[in-house]
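Colleague: I am attaching a structure below and will ask some questions about it afterwards.
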Amino acid sequence: MSEKEDLAKQKAEAAARAKAVALARKQAKTEAAEKPEVDMDIAKQKAAAAAKAKAAALAKKQAKEEEAAEKPEGEMDIAKQKAAAAAKAKAAALAKKQAKEAAEKPEGEMDIAKQKAAAAAKAKAAALAKKQAKEAAEKPEGEMDIAKQKAAAAAKAKAAALARKQAKEEAGEKPEGEIDAAKQKAAAAAKAKAAALARKQAKEEAGEKPEGEMDAAKQKAAAAAKAKAAAAAKAKAAAAAKNRTAVQESEEADTPSEISPNQSKLDQIVSAIESHVGQGALLENYINRLSKDVPTLVANPDTYFSIAKFLRYDEQLDFSYLSELHGTDFESHMEIYVHLHSFKMNQSVALKVKLDRDTPVIPSLVPLWSGANWPECEAYDLLGINFYEHPDLKRILLGEDWKGYPLRKDYEPYDVEV
């Protein structure tokens, strides 16, 4: 193909472009004549920006084509400068013209104009990007890297500007409730940042302090920690005491006021004991609500064996079965608990006796119930309670040379390591 044909082709393309630009202007005038006047300022700005970008791109392309077709290499720099100046002048003139045309638009159609302008700008940007991609594909490798860097920088700047614009628009459209929440979040973030900074400064200051001051600071911190721990312990103890009081009150409140079904049987047993053993034989008697309403008898140590014998052999009572016997250390005294059952009455009864802690001695019940043999040996082995008249009282769990009684509250092992 000859140079004349290339030049003719370039002129034809330039004519087509000029025709397209003229058609676009005509359509813009037609649309502007129908639009209201409300959004004119924004439309002016967008139209001017789009016109500048389009004119600049067109001027650059035409300048490149004209220079490549007609001018030698030496005159390329001057031609580029002239083309750039001409493109700027043309873009400025076009922007002024569009601004004048936009000033004549009515106010009611501005929203539609915004949308159309935005759509047109997107389409133009997409076309320009495609064109630049094609041109970049034809460039040598050295220029490709620079072009990529410039394109990436432009894209980042454009994205940042768009993000700022969207943030402003969203902030303008948010209701007051969301704005308050955003303020609160920002305030919380600022507080957290300030706290982190304060901690960092404290660490730095601590690192700069001399050793003497550091020891004093440690001592103060330790003293403060001890005081805080003591206060916490007191508060915890007070809370625990309060809880115990509340539990006791609730237990008292929950204690049924109704008469127990075993009350009549307790009265019968107590009356029989007082008639046959004596009026002072029992120190106390009551219904144990926490143990299935079992009638409970607290015997005098001197009358303990006599009461047990009466319960065992009385024809009306006939408590022939001993189901349980054990001892307990209450620190202030020792106590023996015996649980008996009468098959004739179909009734159980508890017999208790309190002993001196220093010299816990009580008669054995083995002559009355053989089942008391091993439980009394166990109480002797672990608590040191002496059951006299027991047929064979001995340690059954520990050796005879064992020192002390492990179930006593004040027990201390003879050999701690064992």
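The values are calculated or read from the model by the stated rules, or taken from the named source; none is laboratory data. What you see is a predicted model, and the numbers here were worked out from it, not measured in a lab. We place every Cβ from the backbone using ideal geometry, glycine too, and count neighbours over all the protein chains shown. Accessible surface areas use protein heavy atoms only, side chains included; no ligands, DNA or RNA. Shrake-Rupley method; radii C 1.70, N 1.55, O 1.52, S 1.80 Å.
Colleague: Given 0.36 nm per residue, what is the gain on full extension from E412 to K88 after removing their alpha carbon distance, in nm? Could you put the intermediate results ahead of the total?
Modeller: Details: separation 324, 0.36 × 324 = 116.64 nm, distance 10.42 nm.
Full extension from E412 to K88 adds 106.2 nm.
Colleague: Of K191, K97, which has the most accessible area with a 1.4 Å probe, and how do the rest follow in descending order?
Modeller: These residues rank, largest area first, as K191, K97.
Colleague: Can you give the accessible area of L23, probe radius 1.4 Å, in Å² rounded to 10?
Modeller: Near enough 100 Å² of accessible area.
Colleague: Among Q263, A372, V361, whose Cα projects farthest towards the positive end of the dipole of segment 248-377, with charges put on the beta-carbon of Lys, Arg (+1) and Asp, Glu (-1)?
Modeller: Result: A372, furthest along the dipole toward the positive end.
Colleague: Let me ask you something else. Can you give me the distance in nm between label points at N386 and K130, each placed 7 Å from the Cα along the Cα-to-Cβ direction?
Modeller: 11.6 nm
Colleague: Spelling out what I want: for every residue of segment 374-390, take phi, set θ = phi - 60°, compute 6.51 cos²θ - 1.76 cosθ + 1.60 (Karplus), and round to whole Hz; glycine and proline get x.
Modeller: So the Karplus estimates, Gly and Pro as x, are 5, x, 6, 4, 5, 4, 5, 5, 9, 10, x, 7, 9, 9, 6, 6, 6 Hz.
Colleague: Can you pull out the chymotrypsin sites (Phe, Trp or Tyr not before Pro) in segment 318-351 whose DSSP state is coil and whose Cβ has at most 15 other Cβ atoms within 10 Å?
Modeller: Of the chymotrypsin sites (Phe, Trp or Tyr not before Pro), the ones in loops of segment 318-351 whose Cβ has at most 15 other Cβ atoms within 10 Å are F330, F343.
Colleague: Quick check: pseudo-label points 7 Å beyond the Cα along Cα→Cβ at K309 and K158, how many nm apart are they?
Modeller: Distance between the two pseudo-spin positions: 11.6 nm.
Colleague: Please check which bits of segment 301-323 a label hung off H276 would reach, taking the label as a point 7 Å along Cα-to-C-beta and the cut-off as backbone N under 12 Å.
Modeller: 306-320
Colleague: Still on this model: Which of the pairs K96/K158; K165/K200; K292/K403 have their Cα atoms more than 29 Å apart in this structure?
Modeller: From K96/K158; K165/K200; K292/K403, over 29 Å: K165/K200; K292/K403.
Colleague: Calculated FRET efficiency, R289 and S264, Cβ-Cβ r, R0 25 Å, to nearest 0.05?
Modeller: Working: r = 16 Å, r/R0 = 0.64.
The value I calculate is 0.95.
Colleague: Right, here's the next one. Looking only at segment 270-376, where both bridge partners belong to it, what percent of the DSSP beta bridges are antiparallel (to the nearest 5)? Let's see the in-between values first.
Modeller: Details: 23 of 27 bridges.
If I count the DSSP bridges inside segment 270-376, around 85 percent turn out antiparallel.
Colleague: Using unit Cβ charges (K, R positive; D, E negative) and no other charged atoms, how large, in debye to the nearest 20, is the dipole of segment 298-418 about its Cα centre?
Modeller: On the way: 11 positive and 21 negative charges, 92 e Å.
Taking the Cα centre of segment 298-418 as origin, the dipole is about 440 debye.
Colleague: Using 0.36 nm per residue of separation minus the Cα-Cα distance, give me the extension gain between Q219 and S320 in nm, one decimal.
Modeller: 29.3 nm
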